[in-house]
Amino acid sequence: MSDAPLLELRQVSKRYVMGDNILDALKDVNLKIAHNEYVAFIGPSGSGKSTLMNIVGCLDRPTGGEYILNGTPVAQLDDNALAHIRNREIGFIFQNFNLLGRANALHNVMQPLIYRGIALGERRRLASQALQNVGLGERLHHLPNQLSGGQRQRVAIARALVGKPSILLADEPTGNLDSSTSKDVMAMFDTLYRDGHTIIVVTHDPNIAEHCQRVIHIMDGRIVSDKLNGKRREARAGV
Amino acid sequence: MYNLAESLRSALQAIRAHKLRSFLTTLGIIIAVAAVIAVVSLIQGFSHSVTNTFANLGSNVLTISSNETDEDFFSGKIVKVTPADLQAIQHEVTGISHISPRLILARFGSGAVLSGSQTAYAGIYGITSRYEGNASFYPVMGRLISPSDDLGHRRVVVIGQTLITDLNLPKDAVGEYLQMYGQWFKVVGVLKKLGNIGGQDQDDRVYIPYGTAHSLLGAATVPDIEIQVTVNNPGQVPAVTGRITQVLRRMHHIKPGQEDDFVVQTPEQTLGTFNQVLNAITLIFGGIVGISLLVGGIGIMNIMLVSVTERTQEIGILKSLGARRRDILLQFLIEAVILSLLGGVLGLILGFGVGSLIAHAIPEFLGAYVPWWAVLLAFGFAATVGVVFGIAPAAKAAALDPIEALRHEA
Ligand SMILES: Nc1ncnc2c1ncn2[C@@H]1O[C@H](COP(=O)(O)OP(=O)(O)O)[C@@H](O)[C@H]1O
Ligand SMILES: [Mg+2]
């Protein structure tokens, strides 16, 4: 792995002001993540995991501190530049899949490539390849509501991966799935990690965090622990 | 715009997902465009049919008639085109295949024609056997005025078919007698029916021999006539017109710098004036109805705003995938424009249908006709309405915060 971190947060905070109420969703978060790490953000509901992930994914901006992604300070960038980063560097996977309801699996996966100006034929080729890779080669023309939860999440994974992003961000990716499909999805993440992807998984479930190589505990908007997962490390070292 | 096609596709998809709502959204535009097209198609259809009628006259037929200038009016000078003018043109102007006078005793429905206890009011004209009128000027019964009718100042008349109904004449009216100017005239021919042009009955006319008409005026009176001239070659029309003008100016002693007291008109010129009037009417009507497009546009804006709210989460997803403001803006704008254009197409079809129906019901309109510029105008308007009223909802969509949009509950 290269020495320079893929991303670095310095004293990052996020404050919501609602009338007289002030809510600090993140407080002085410092964090470095390198290429090909497999990280879990774990903590109780409302602790600030999603907020942190959204900042990392350039969907949201911190109200304080610095965020450096691939050597670029992100805070100064305008909306278009952030959109550009989301399109090139980030692949999102959400708890509720967030598929485009009117578009079939293929078109859902093709969508991010539109914003890269990739021609239709090539988009189609890349998207069907990505769907094939997640085992949905036979479901290209199904609408989201014609797919099971597990299949929908696999479409979302294909869509996140199709643009070859630097980081895969998954916010409670198994939250809406039954336990056996959850296992399938996590197995898929494990494989992606082994293939060299950088993955951050947000979860409140220790069993999910168990899959990751590094587990970061978040409580009340602060990082309270940041540990390497012994079992994983050994498993990895053994490979 | 590399993703224009893609925006188009997703806009169509969004429209298809809500077919009924999309239709209702565009209803305002549909009605507005339909109204514009119906009005324009009727007026233009009317103009089209008049144009065709005039075309029968031939573009190489000139009509010369007197035309009182303001100066003549104030000086009290009596302005006429006379048989002497006709003689002069006949002798001095070359390139003419045909020349004949028409003496107007009574214009349009101003001459009384009697039969028994019935009275009809018609145009009464004196013509020679050489008079050609238009291509449809021929008898369906009997004959036209003959040279001997003219020379002998015979009291014979060729009538238009309106006279038959107005005077309760038998269908074959040849041989009947009519009274005009206290004299009896024998009907020798019935003309082919021309119908209505612009609400103007073309069949309430009677034609008597030129000589007869002149004697009715009083042989000593110099009549004011119309002269019909057929030019050999349509390309020669301007040259012949020029020479006729020269001759008549000399005959009428018009000094250089003074205006002509006559006009030499081709059917096309007459038509030109007519069409100018019609086009003005079309514009005014089109403009008035065009205002209703604004109402249609507000309908589109309304529904697009609803649509943006409904699709907030979708916008959030697109932003999470890297859509920039302008991608979202373009998508919603295209959607609004497509909706408007769809309204335009449906309105066009509906408007033409309504126009055709009206044209069928009211024979005066003689068919609907949609000129290409009206189609372009309708689409231009519809597209403009789409852009103008689509921009606010699209800008609203583009400006949404990605996180808030994603959190939005559908
Ligand atoms: N837009 C917002 N306005 C106000 N408070 C917010 C907003 N987004 C999140 N929060 C608050 O920030 C805290 C952290 O939320 P979140 O990051 O979603 O938690 P988690 O993902 O760990 O459950 C919560 O208390 C939540 O209510
Ligand atoms: Mg969360």
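The table for this structure:
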| read-out | value |
| --- | --- |
| All positions within the stretch B:115-163 that are more than 20 Å from residue B:81 (Cβ to Cβ), more than 26 Å from the chain's Cα centre (by Cα) and open to solvent by 60 Å² or more (accessible area, probe 1.4 Å) | B:116, B:117, B:118, B:119, B:121, B:140, B:143, B:147, B:151, B:153, B:154, B:155 |
| Cross-chain or 6+ apart pairs with Cβ under 6 Å, the stretch A:33-47 first and more than 25 Å from residue A:165 (Cβ to Cβ), then within 16 Å of ligand 2 (Cβ to nearest atom) and open to solvent by less than 10 Å² (accessible area, probe 1.4 Å) | A:47/A:218 |
| Residue list for the stretch A:88-98, restricted to those being buried (at least 24 other Cβ atoms within 10 Å of the Cβ) and away from ligand 1 (no atom under 16 Å from the Cβ) | A:90, A:91 |
| Lone qualifier among B:406, B:342 - being touching a helix residue (DSSP H, G or I) at 6+ places or on another chain (Cβ under 6 Å), open to solvent by 60 Å² or more (accessible area, probe 1.4 Å) and not basic (Lys, Arg) | B:342 |
| Within the stretch B:213-261, tally of residues that are part of a loop (DSSP other than H, G, I, E, B) and polar (S, T, N, Q) | 4 |
| Residues located in the stretch A:49-59, provided they are away from chain B (no Cβ under 12 Å) and within 12 Å of ligand 2 (Cβ to nearest atom) | A:49, A:52 |
| Hey, residue A:83 hydrophobic (A, V, I, L, M, F, W, C), closer than 15 Å to residue B:316 by Cα and assigned to a helix (DSSP H, G or I) or not | yes |
| Residue satisfying all of: in the stretch A:18-59; within 12 Å of ligand 1 (Cβ to nearest atom) and assigned to a loop (DSSP other than H, G, I, E, B); farthest from the chain's Cα centre (by Cα) among these | A:19 |
| Selection within the stretch A:99-119 - closer than 17 Å to residue A:155 by Cβ, at the interface with another protein chain (Cβ under 9 Å from one of its Cβ atoms) and small (Gly, Ala, Ser) | A:101, A:103 |
| Matching helices (runs of 4 or more DSSP H) fully within the stretch B:1-96 where at least 2 residues are open to solvent by 50 Å² or more (accessible area, probe 1.4 Å) and at pLDDT 85 or above | B:4-17, B:19-57, B:83-92 |
| Helices (runs of 4 or more DSSP H) completely within the stretch A:124-239 that count 1 or more residues being within 25 Å of residue A:87 (Cβ to Cβ) | A:149-161, A:179-194 |
| Residue match in the stretch A:169-187 (condition: more than 16 Å from ligand 1 (Cβ to nearest atom), without any contact (Cβ under 8 Å) to a residue 12 or more places away in the chain and closer than 14 Å to residue A:38 by Cβ) | yes |
| Residue match in the stretch A:101-123 (condition: surrounded by fewer than 19 Cβ atoms within 10 Å (Cβ to Cβ), at positive phi and over 18 Å from the mean Cα position of the chain (by Cα)) | yes |
| Qualifying positions in the stretch B:319-330 - facing chain A (nearest Cβ under 7 Å) and of a type in the set (A, V, I, L, M) | B:321, B:323 |
| Single condition residue A:62 does not satisfy, out of (1) open to solvent by 20 Å² or more (accessible area, probe 1.4 Å); (2) within 8 Å of another protein chain (Cβ to nearest Cβ); (3) not in a helix (DSSP H, G or I) | (2) |
| Given (1) under 33 Å from the mean Cα position of the chain (by Cα); (2) under 20 Å from residue B:63 (Cβ atoms); (3) of a type in the set (Gly, Ala, Ser), number of the condition residue B:213 does not satisfy | (1) |
| Counted residues, the stretch A:120-174 - those being of a type in the set (A, V, I, L, M), away from every other protein chain (no Cβ under 12 Å) and more than 16 Å from ligand 2 (Cβ to nearest atom) | 14 |
| In the stretch A:80-98, residue nearest to residue A:171 (Cα to Cα) [restricted to those that are in contact with a Lys or Arg (Cβ under 6 Å, 6 or more places away or on another chain) and within 9 Å of another protein chain (Cβ to nearest Cβ)] | A:83 |
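The values are calculated or read from the model by the stated rules, or taken from the named source; none is laboratory data. This structure is a prediction, so every number in the text was calculated from the model and none was measured. Here the Cβ is made from the backbone with ideal geometry for all residues, glycine too, and neighbour counts use every protein chain on show. Note: areas computed on protein heavy atoms with side chains; ligands, DNA, RNA excluded. Shrake-Rupley method; radii C 1.70, N 1.55, O 1.52, S 1.80 Å.
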